[in-house]
Amino acid sequence: MQVAGSSTAKIQEGTSPALLSTYVLAGIGFGCMIAWDLIGIFSPALSLLSYESASQSIILRAVSIAAIAIAYAVCKLQADWVFEHRTRLAVVATVLSLTVVLNAVLHRFVDAPDTFAILAWVLFGIGDGVLCIVWCAYLSLIPTRRTGVAVAGGAAMGTVLFVMAATASPIGVSLGVIAFLPLASLAMLVLLMRQVPSEKTEAAKTYQKIPALSVRASLSVGAHGTVYGFISACMYLISPEAAIIVGASGIASCLGAAILSYRAPKTDWDNSVVQRLSLPVIVIGLLLMPLLDTTGQIVCGCLVNNALAFTAVMTWSTVSVENAEFHLHPVARYAARQAPLWVGFLAGTIVAFVLGVVLSFDQRAESLATALLAGIVVVAFSIYGANDTATKAQLEGLLAEDSPQPHESEGAPPALPQAHFHQRCDRVCDRHDLSPREAEIFFLLAKGRNAKFIQEELCISSSTVKTHIYRIYRKMNINSQQLLIDAVDAETKR
């Protein structure tokens, strides 16, 4: 195990042409997947369901949402199998999900049975969920330096592609563009997956399947999903144009997330921070919506959609980075997060259906429903109110940012020759079975560097540094940096 020069190599890796190409291709493929996802979310306003009435369109969309939630739950239970067969599974599921396009084409020429439409939208839900999971697995296997930029930039591009597919004319062209998007995303995913070193994919099979979302965090994520389902359904009940405008508005938050990810790649954008930023916008938009005319409601929908899109993009980025840095199982973790989101999305869609179709947007009922939704979001966040993983909570305060640097303080013993020092570090790392990333951080700790220095040197977040230090200490059965340095010094006596 060689740790010498690894930090320098890591920094250079973030700017290498090969890695830049990986991020660009990942952003393009991910963007096509986001466009496909948005087409599903706003499908009742698009050519996929133009042959159906508004109420029937919402019912078919609800069927696909239920299928997505079930797909995530099953993938969580069979996480190892899904990861093992990720590429083939993505190919099969994505191709089958294109049945919704075939269904739309058939309904333009013949009176296709309702059972075929239901089957098509069930397959869409399964395919959409599987494609998202495999993309998360891929993003969890690449270097993390610019993962956030690739995700947010891809989401912005995907929003543009969604608008192009939604507004293309005639309907045949629109359906052709829609069918192209998942195939393009799948092709890019297969290409990129083949470029991942086999040792990385093999190592990922042993990644931890914990930590999972707590019950409180699941309720918070589900509450956001409920609002998303409610807003999207309300908009296409107003008009198809309103739904497309609201869906397109998300590009603003995606671009904002891309800028933040580029300018502050080491910032801790955990779920609590992101939700704290989006919460006021969601609540204000919901409370104002029933008080305004149609134009005002669309503006409120845009506000809420941007807050939710920002949350979704930053969650994608954070989950992928944390999976890579903390060696967490990408399939198990992402599926565990998405299942409650889509259950909430289904609940929000049902509320909007009752409000718009059954009650015809009665003002008092609408005011009550939006106020209740706003209250649910606030209560869910208040109960949650912290990081979504027990691991991060355990790490707070583990190591002060200004921990002592013994080898650089006055009166410290002179440093031994560098090569000899590296060899002693390697022996300690081997003895305690430290991973390559842990060995990299161990080397800096042994030199007396503090957590803040390591964060800047390796371009990773503060909580990531603390987590790795916590694991190093646990493996070595120590509780301070000085004991770690003492272990390295003790190697001179062996």
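The values are calculated or read from the model by the stated rules, or taken from the named source; none is laboratory data. Just so you know, these numbers come straight off a predicted model, no measurement behind them. As a convention, Cβ positions derive from the backbone with ideal geometry for all residues, glycine included, and neighbour counts pool all protein chains shown.
Side notes on the structure shown:
- Residue identified as small (Gly, Ala, Ser), in a helix (DSSP H, G or I) and either crowded, with 19+ Cβ neighbours inside 10 Å or modelled with pLDDT under 60 (or both) among ALA415, ALA439, ALA386: ALA439
- Looking across the stretch 168-215, the residues that are closer than 22 Å to THR467 by Cβ and among the basic types (Lys, Arg) come down to LYS200, LYS205, LYS209.
- Evaluated against (1) touching a residue at least 60 places away in the same chain (Cβ under 8 Å); (2) under 14 Å from VAL101 (Cβ atoms), ARG146 falls short on exactly one condition, (2).
- The residue list ALA152, ALA204 contains one member that is crowded, with 24+ Cβ neighbours inside 10 Å and either touching a Gly at 6+ places or on another chain (Cβ under 6 Å) or not basic (Lys, Arg) (or both), which is ALA152.
- Verdict on LEU192 being touching a residue at least 40 places away in the same chain (Cβ under 8 Å), surrounded by 22 or more Cβ atoms within 10 Å (Cβ to Cβ), part of a helix (DSSP H, G or I) and in the same structural domain as SER43 (by TED's automatic domain parsing): no
- Considering residues of the stretch 442-479 that are within 29 Å of ARG263 (Cα to Cα) and among the hydroxyl-bearing types (Ser, Thr, Tyr) only, the residue surrounded by the fewest Cβ atoms within 10 Å (Cβ to Cβ): TYR470
- Flag if PHE421 is of a type in the set (Phe, Trp, Tyr) and at pLDDT 80 or above: no
- In the stretch 280-299, the residues that are in the same structural domain as ILE244 (by TED's automatic domain parsing) and farther than 19 Å from ILE244 by Cβ form Cβ pairs under 7 Å with partners that are modelled with pLDDT under 95 and not hydrophobic (A, V, I, L, M, F, W, C), at six or more places apart or across chains, as follows: LEU286/THR370; LEU287/THR370; PRO290/GLN363; PRO290/GLU366; PRO290/SER367; PRO290/THR370.
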